[in-house]
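The values are calculated or read from the model by the stated rules, or taken from the named source; none is laboratory data. Note that this is a predicted model, so its numbers are computed, not measured. Here the Cβ positions follow ideal geometry from the backbone for every residue, glycine too, while neighbour counts run over all protein chains shown.
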Amino acid sequence: MDDSSLVWDDGALVTIDQRGLPHEVRELRLGTVDEIIEAIKTLAIRGAPAIGIAGAFGVVIATAAHTVDGVVDEARVRAEADRIAAARPTAVNLAWAVERVRTRIPAGADAVLAETLDMLAEDGRVNRAAATHAADLVQRLCADRPLRVLTHCNTGRLATSAFGTAIGTLRVLAERGAIENVLVDETRPLLQGARLTAWELAEAGIPHRLTIDSAAAWAMATGQVDCVLVGADRVTANGDVANKIGTYAVALAAHRHGIPFIVVAPESTRDPNTATGRDIVVEERAAAEVTGFGGVATAPADTEVFNPAFDVTPGELVTAVVTENGVVHGTNSAATQPVSAARAEL
Ligand code: MRU
């Protein structure tokens, strides 16, 4: 695999199977719409921008499969596109990307592919731009010394196609010598932080420590966090932010301790058609993700489960949402209070 986590190769999408990491780096080759949908649903491919691009490749495959003698069966391809867009409901990037390539269906599979490859090439550039704006903001808001940053879930090249958003920001800060250490939430129940973020930060040579999600507030209370950086799955018109379950709790704690809470995402994660976070469909996932660990049951058989994959952080708790266009929401609440003053309250 090259630097991109998503590669188009002779009619198939080739990627790393994120379910195997960090122990097994295995390639996944997806040549049918069903395989793409299955990979998205089972989190073999995950992260808002990554599932968007994978979904667009799914439309390429559908268009090629339903073209006979150069004539595209548009109705069938559109039905396949709808199925792909519905694979996961919360991250708007999936619907956005499928919609973007849908307009090219009448022009045939090569046209859909060209649009998808444009999107893939843009992703790394967009992430780098957003990350650079976010790093500038972090350095403006925080102390002028190497920083202790907390992050939740995984927002790196696996979750995008290249560079990453919140992890991209950590890369930029590290390049500037501005990272002392990153505190990585393990991110229950599927451990995207432990399995993927720790793996990517190690690969990038960025110093980090892994912690359990429930230690985040205590780390802040004991003065071990200068700033929080996370990604997003959807940012609504009013600035509410859907992201991996647990993000809201991190935001509440950051607000309590006057610590900047910064969201880094591409413009494609913004959803101006959804007014507030209350209108977002939050995906609920299987009970088995909660009742067991590493294949071993950890709860009585048949225990009922509440397993939302995401939560919504109200915009008032978000210091800033930063995209490739700069700060698009914020800065209020925590950012207006110097970190040192908040610490003195403890
Ligand atoms: O369920 P996942 O692993 O797809 O959830 C991913 C997240 O919540 C990420 O933080 C978000 O998509 C941002 S990725 C740049």
*Here are some conditions: (1) within 20 Å of residue 24 (Cα to Cα); (2) in contact with a helix residue (DSSP H, G or I) (Cβ under 7 Å, 6 or more places away or on another chain). Residue 195 meets all but one. Which one does it not meet?*
(2)
*Which residues, counting only those in region 81-107, are under 17 Å from residue 32 (Cα atoms) and in a loop (DSSP other than H, G, I, E, B)?*
86, 87
_Among the residues of region 32-71, what is the count of those that are in contact with a Gly (Cβ under 6 Å, 6 or more places away or on another chain) and more than 16 Å from the ligand (Cβ to nearest atom)?_
1
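Taking region 213-239 as the search range and keeping residues that are part of a loop (DSSP other than H, G, I, E, B) and out of contact with any His (no Cβ under 9 Å at 6 or more places or on another chain), which one is surrounded by the fewest Cβ atoms within 10 Å (Cβ to Cβ)? If you could, list the steps in order and put the result at the bottom.
From region 213-239, those part of a loop (DSSP other than H, G, I, E, B) are 222-226, 231-233, 237-239; that's our starting set.
Then keep just the ones that are out of contact with any His (no Cβ under 9 Å at 6 or more places or on another chain); that gives 222, 224, 226, 232-233, 237.
Working: 222: 12, 224: 16, 226: 20, 232: 29, 233: 30, 237: 15.
Here the residue is 222.
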*Looking only at region 60-80, count how many residues are part of a helix (DSSP H, G or I) and within 20 Å of residue 31 (Cβ to Cβ).*
10
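Kindly establish whether residue 120 is at positive phi, of a type in the set (A, V, I, L, M) and touching a Leu at 6+ places or on another chain (Cβ under 7 Å).
Numbers: at positive phi: no; of a type in the set (A, V, I, L, M): yes; touching a Leu at 6+ places or on another chain (Cβ under 7 Å): yes.
Criteria not met by residue 120.
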*Taking only pairs six or more apart or across chains, which ones have beta-carbon atoms under 9 Å, a first residue in region 135-148 that is under 16 Å from residue 181 (Cβ atoms), and a second residue that is buried (at least 16 other Cβ atoms within 10 Å of the Cβ) and modelled with pLDDT under 95?*
142/339; 143/339
_Contact list please: Cβ distance under 6 Å, first residue in region 300-319 and within 29 Å of residue 137 (Cβ to Cβ), second residue away from the ligand (no atom under 16 Å from the Cβ) and part of a loop (DSSP other than H, G, I, E, B), pairs at least six apart or on different chains._
315/238; 315/239; 319/260; 319/331
*Go through region 263-285 residue by residue and tally those that are touching a helix residue (DSSP H, G or I) at 6+ places or on another chain (Cβ under 6 Å) and more than 12 Å from the ligand (Cβ to nearest atom).*
1
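Quick one: which residue in 146, 89 is within 15 Å of the ligand (Cβ to nearest atom) and out of contact with any helix residue (DSSP H, G or I) (no Cβ under 6 Å at 6 or more places or on another chain)?
Details: 146 fails: within 15 Å of the ligand (Cβ to nearest atom).
Exactly one residue qualifies, and that residue is 89.
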*Those residues of region 179-188 which are crowded, with 20+ Cβ neighbours inside 10 Å and either in contact (Cβ under 8 Å) with a residue 40 or more places away in the chain or within 16 Å of the ligand (Cβ to nearest atom) (or both), in sequence order*: 182, 183, 184, 185, 186, 187
*Can you give me the number of residues within region 276-299 that are within 30 Å of residue 331 (Cα to Cα) and either touching a His at 6+ places or on another chain (Cβ under 9 Å) or surrounded by fewer than 13 Cβ atoms within 10 Å (Cβ to Cβ) (or both)?*
2
*With respect to the numbered conditions (1) of a type in the set (Val, Ile, Thr); (2) surrounded by fewer than 16 Cβ atoms within 10 Å (Cβ to Cβ); (3) in a strand (DSSP E or B), which one is the sole condition not fulfilled by residue 15?*
(2)
